[in-house]
1. Is there a residue being of a type in the set (V, I, T), surrounded by fewer than 10 Cβ atoms within 10 Å (Cβ to Cβ) and at negative phi anywhere in region 72-79?
2. When you scan region 111-127, do you find a residue that is aliphatic (A, V, I, L, M) and in contact with an Asp or Glu (Cβ under 9 Å, 6 or more places away or on another chain), even just one?
3. May I ask you to say which residue of E113, E98 is open to solvent by 80 Å² or more (accessible area, probe 1.4 Å) and over 30 Å from L16 (Cβ atoms)?
4. Within region 95-112, is even one residue part of a strand (DSSP E or B) and over 30 Å from E25 (Cα atoms)?
5. Please tell me if L42 is farther than 28 Å from V129 by Cβ and either in a helix (DSSP H, G or I) or within 29 Å of the chain's Cα centre (by Cα) (or both).
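The values are calculated or read from the model by the stated rules, or taken from the named source; none is laboratory data. All figures in this text were calculated on a predicted structure; none of them were measured in a lab. Here the Cβ is made from the backbone with ideal geometry for all residues, glycine too, and neighbour counts use every protein chain on show. Surface accessibility is based on the protein's heavy atoms, side chains included, excluding ligands, DNA and RNA. Shrake-Rupley method; radii C 1.70, N 1.55, O 1.52, S 1.80 Å.
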Amino acid sequence: MPETSVAETLSHVVNLIQNANTSIEKLKEDISTNKDMLEDALNNDPDYRREFDKAKEAAKVRNELKKRIMLQPELMSINTKMKNQKAHLKELKETLSEYLQEYQRQTGSKTIEGSNGELNQIISSARLVKTSNRPE
């Protein structure tokens with residue numbers, strides 16, 4: 001049985017990634033097409049359209065009321081505090097992710113014991129995003 005070189009293995013993995021990504025993009029297009037067809041069918045139904053327009057107007061009124069109520073100083077303060085807390089939470093999650101990656105790199109382990117004694121699994125997630133045409 002012939003040995004597979006590292007280059008061949010890598011080429012195979014790249015091919016699998018490209019095929020999977022192409023399938024994902026095609027499926028996204030198909031879903032979008034079907035979604036458009038459903039929306040067109042719904043929008044062409046006069047009863048649905050009438051109720052949709054009523055709901056849209058009610059949402060507009062609700063949003064205006066919310067904006068007016070949110071101008072109260074105590075609510076503005078709570079909202080600002082909440083936004084700051086969410087930003088801090090995001091930073092903490094990013095920091096934890098970095099710590100977990102370093103722990104996993106150093107130990108080779110995919111599990112870590114929490115402060116409560118429970119065993120937690122470390123999960124890594126990778127995805128493709130479009131970039132500029134600058135190779136790294």
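1. no
2. yes
3. On the way: E98 fails: over 30 Å from L16 (Cβ atoms).
Sole residue among the options that is open to solvent by 80 Å² or more (accessible area, probe 1.4 Å) and over 30 Å from L16 (Cβ atoms): E113.
4. Yes.
5. Working: farther than 28 Å from V129 by Cβ: yes; either in a helix (DSSP H, G or I) or within 29 Å of the chain's Cα centre (by Cα) (or both): yes.
Judged against the criteria, L42 is a match.
Quick grid of which residues meet (1) under 20 Å from the mean Cα position of the chain (by Cα); (2) open to solvent by 80 Å² or more (accessible area, probe 1.4 Å):
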site	(1), (2)
E3	no, yes
S32	yes, no
E51	no, yes
K54	no, yes
M82	no, yes
K86	yes, yes
